[in-house]
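Just below is one structure, and these are the notes that go with it.
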Amino acid sequence: STQAPTFAGPWNFGPRAEATVPVGTLCGMLAEAWGGRDAPRFEFGSPTQQPHEAGLLRLDSTKARVRLGWAPRLSLRDALAMTAHWYREQAAGAGMRRVTLSQIAAYETRLSQSRQTDPTPAGARPSPFQAMVPTPTPSGQERGTCV
């Protein structure tokens with residue numbers, strides 16, 4: 001008898017190894033993706049004043065790649081843009097179910113577009129996530145959308 005594979009347990013999903021950046025660079029990219037005066041600010045103290053913290057953090061997605069055939073579809077910049085957008089919306093009190101479903105729909109659109117035969121390298125293609133801008137709703141409140 002064959003035993004069905006088990007998928008219970010921890011999984012890491014992250015960028016390709018070549019997209020790895022130092023923590024300080026990642027923080028700067030996140031602040032840039034956030035945009036505006038309310039962007040998060042990160043301060044890095046002297047190493048002698050702080051407990052040891054790794055300067056480089058990396059997720060190992062080997063298990064997901066091998067067992068699920070998974071590969072990242074977002075660049076680091078796009079993933080940070082989506083993350084910053086989600087947290088900005090959450091901080092503004094937006095309906096997070098709507099925000100999350102909107103991001104999933106935009107991601108699905110991106111996947112379907114990338115499945116079409118396109119000789120352009122993925123990194124050179126315009127991304128639907130690069131411009132996360134607020135758009136007015138009929139009630140006059142702003143909501144975030146991907147354009």
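Residue by residue through segment 49-87, note down the ones that are part of a loop (DSSP other than H, G, I, E, B) and over 14 Å from Gly14 (Cβ atoms). Gln49, Gln50, Pro51, His52, Glu53, Ala54, Gly55, Gly69, listed by residue number. Within segment 88-104, the residues that satisfy the criterion of being out of contact with any helix residue (DSSP H, G or I) (no Cβ under 8 Å at 6 or more places or on another chain), assigned to a helix (DSSP H, G or I) and open to solvent by 50 Å² or more (accessible area, probe 1.4 Å) are Ala91, Arg97, Arg98, Leu101, Ile104.
The set of residues from segment 48-70 being over 14 Å from the mean Cα position of the chain (by Cα) and either open to solvent by less than 90 Å² (accessible area, probe 1.4 Å) or of a type in the set (Asp, Glu) (or both) comprises Glu53, Ala54, Gly55, Leu56, Asp60, Ser61, Thr62, Lys63, Ala64, Leu68, Gly69, Trp70. Within segment 73-84, not a single residue is surrounded by fewer than 12 Cβ atoms within 10 Å (Cβ to Cβ), at pLDDT below 95 and not aromatic (Phe, Trp, Tyr). Answer with yes or no whether Phe7 is open to solvent by 90 Å² or more (accessible area, probe 1.4 Å), assigned to a loop (DSSP other than H, G, I, E, B), hydrophobic (A, V, I, L, M, F, W, C) and modelled with pLDDT under 90. So Phe7 passes the test. Please determine whether any residue of segment 29-45 is assigned to a helix (DSSP H, G or I), over 28 Å from Ser114 (Cα atoms) and modelled with pLDDT under 90. No, every residue in segment 29-45 fails to be assigned to a helix (DSSP H, G or I), over 28 Å from Ser114 (Cα atoms) and modelled with pLDDT under 90.
The values are calculated or read from the model by the stated rules, or taken from the named source; none is laboratory data. Just so it is clear, the structure is predicted and the values come from calculations on it, not from any experiment. Cβ: placed from backbone, ideal geometry, glycine included. Neighbour counts: every protein chain shown. For the accessible areas, the whole protein counts, side chains as well, though only heavy atoms, and no ligand, DNA or RNA atoms are used. Shrake-Rupley method; radii C 1.70, N 1.55, O 1.52, S 1.80 Å.
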